[in-house]
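Worksheet for the structure shown next.
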Amino acid sequence: MKTKEKLLHILETNKNHWVSGEEAAGMLSISRTAVWKAVMSLRNDGYVIDAVQNKGYRLTSEADELSELGIWKYLGPECRNLDIHLLTEVESTNVLLRQKADTGCPEGTVLIASKQTEGRGRHGRRFYSPADTGIYMSLLLRPERIAPEYSLRLTTIAAAAASETIELASGKAASIKWVNDVFVENKKVCGILTEGSMNMETGHLDSVVLGIGINVYEPEKGFPDDIKDTAGAVFDRVVTDGKNILAAGFLNRFMRYYLSNDFSSYIAEYRKRCFVIGRKIEVIKQDQVYKGVAVDVDENCRLVVQYEDGSSERLSGGEIRLNI
């Protein structure tokens, strides 16, 4: 652990209390000048640290910066085997973790970035990932002897976990648009992208990279024109430790569902939050649009659709939109 990370741990442990340079130097076995340099480095990383002569340093109570230590303090026992890495900026956490997976890194590897330059969504779309306003996370899973269609279950587990976490942290109702989008106040605040790698000899999934992006705050200049009417944010104002709470809350809930042998509880949670059930929808297949009604989400998380011509289908993937 670097000196600045050790100092951050001291400041987070003593949040809202002053820590003198002499005290910090003694705890870290370094000079007061080295403490000052570590403070400046943390400020460059975006942390708001007050400094007052004869008092020392204090991490402001309104600070909301992602940190590994900040996340770990909220994690439960189900996450004890996770290996979390925090990145300031990356092209795509999913792309980078996919590369790491191909070199054999273990299940439970987690990459979290404060900014993505080439964030990816489903169907090749771009996922807007500006600096400091969101959480962009990828988690590596290596489920044993699982067919490729199991990735749908992982996507829906993530959606249920994300919506529960967002609702608890914000106090706002969070709902799910099948299959992978979380909405708050009729705007999308979270998207999920699950990408699997199949073992050609066994026909089972060798690994799965689960990516999730959460709009924690609205960007200072607002969302881009192409999404400004549909994108929203979890919080309306700065929430102390909000990003760490959201990141840890999602990992806690997702791993609890993932490690459980009983999927009935998460399916019930997903179905309860899926706001397309009972609504008229349009199913898009190869540039063709089919109108119908979303009847239910079945035990395998497939969307049950009744079409206008009387036929029905259980969708394991694809794209839908509400027919208003």
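Where a number appears in this text, it was derived from the coordinates with a stated rule and is not lab data. For clarity, every value in this text was computed on a predicted model and none was experimentally measured. Using ideal geometry, Cβ is built from the backbone for each residue, glycine included, and neighbour counts are taken over all protein chains shown.
Quick check on region 85-187: take the gyration tensor over C-alpha atoms, sort the square-rooted eigenvalues as a ≥ b ≥ c, and tell me if it's rounded (a/c under 1.5), prolate or oblate.
Working: a/c = 1.76, a/b = 1.19, b/c = 1.47.
Verdict is oblate for region 85-187.
For the pair residue 229 and residue 260, label points projected 7 Å from Cα toward Cβ lie 3.9 nm apart.
Three principal axis extents of region 280-322 based on alpha-carbon atoms, in descending order, are 28, 20, 16 Å. In summary, region 68-273 shows an alpha-carbon radius of gyration equal to 0.96 times the 2.2 N^0.38 Å reference for compact globular proteins. Taking the longest Cα principal axis of the chain as reference, the axis of helix 150-170 is set at about 50 degrees.
Residues in region 232-252 near a label at residue 168, defined as backbone nitrogen under 20 Å from the 7 Å Cα→Cβ point? Only 234-236, 239-252 fall inside the zone, counting backbone N under 20 Å. All other residues whose Cβ lies under 11 angstrom from that of residue 320 are scored, Lys and Arg at +1 and Asp and Glu at -1, for a net of +3. Separation of region 187-265 from region 72-95 is 12 Å, based on Cα centroids. If you bin all the Cα-Cα distances of region 193-269 at 10 Å, starting from zero, the percentages per bin are 14, 29, 33, 19, 6, 0. With neighbours defined as other Cβ atoms within 10 Å of a residue's Cβ, the residues 72, 178 order from fewest to most as 72, 178. Rounded if a/c is under 1.5, else prolate if a/b is larger than b/c, else oblate: which is region 3-59, with a ≥ b ≥ c the root eigenvalues of its Cα gyration tensor? In terms of gyration-tensor shape, rounded.
What does the extension gain come out to for residue 85 and residue 221, with contour length at 0.36 nm per residue minus their alpha carbon separation?
In short, 46.1 nm is gained.
Holding the Cα-Cα limit at 20 Å, pick out from 115/243; 2/100; 100/188 the pairs that are longer than that. Long pairs (Cα-Cα over 20 Å): 2/100; 100/188.
Sparsely packed loop sites in region 273-324 (the trypsin sites (Lys or Arg not before Pro) outside DSSP H, G, I, E and B with at most 16 other Cβ atoms within 10 Å) comprise 279.
In degrees from 0 to 90, rounded to the nearest 10, what is the angle of the helix 93-102 Cα long axis to the longest principal axis of the chain? The answer is roughly 80 degrees.
Placing a label point 7 Å from the Cα of residue 55 along the Cα-to-Cβ direction, the residues of region 9-36 whose backbone N falls under 19 Å of that point are 10-25, 36.
Can you list which of the trypsin sites (Lys or Arg not before Pro) found in region 1-59 are DSSP loop residues with at most 11 other C-beta atoms within 10 Å? Show your work: numbers first, answer last.
Values: sites: 2, 4, 6, 15, 32, 37, 43, 55, 58; in loops: 2, 15, 55.
Passing sites in region 1-59 are 2.
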